[in-house]
Amino acid sequence: MRPTGAEIYSEDGPEPVQGATVDGEQFVNGDRIRGTGYVVGLEALPGEARRSGGMYAQRGRYCDAHHRGVLVIAEVEHA
């Protein structure tokens, strides 16, 4: 889950850059970050995410999200 207002950032090239822009600040793969958040059960996620056919429920089986929950990041900044 991304913070409210976050936008996906992607740049193609020999070494693709992927990340997000949050409140005008860009975060890309390899950046050191710190933030605040909380762990919730899949049922607490909005809309399609929480349904058994939703993206988080489908992929969550690979990281045991059904039992351990999902990290929701509320705020993020560079470390």
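Brief remarks on what is shown
- Exactly one residue among Gly30, Gly35, Gly13 is open to solvent by less than 90 Å² (accessible area, probe 1.4 Å), in a strand (DSSP E or B) and at pLDDT 85 or above, and that residue is Gly35.
- Count of residues meeting criterion [modelled with pLDDT of 80 or more and under 15 Å from the mean Cα position of the chain (by Cα)] in region 45-79: 9
The values are calculated or read from the model by the stated rules, or taken from the named source; none is laboratory data. The model shown is predicted, which means the values in this text are computed figures rather than measured ones. Heads up: the accessible areas ignore ligands, DNA and RNA and are worked out on the full protein's heavy atoms, side chains in. Shrake-Rupley method; radii C 1.70, N 1.55, O 1.52, S 1.80 Å.
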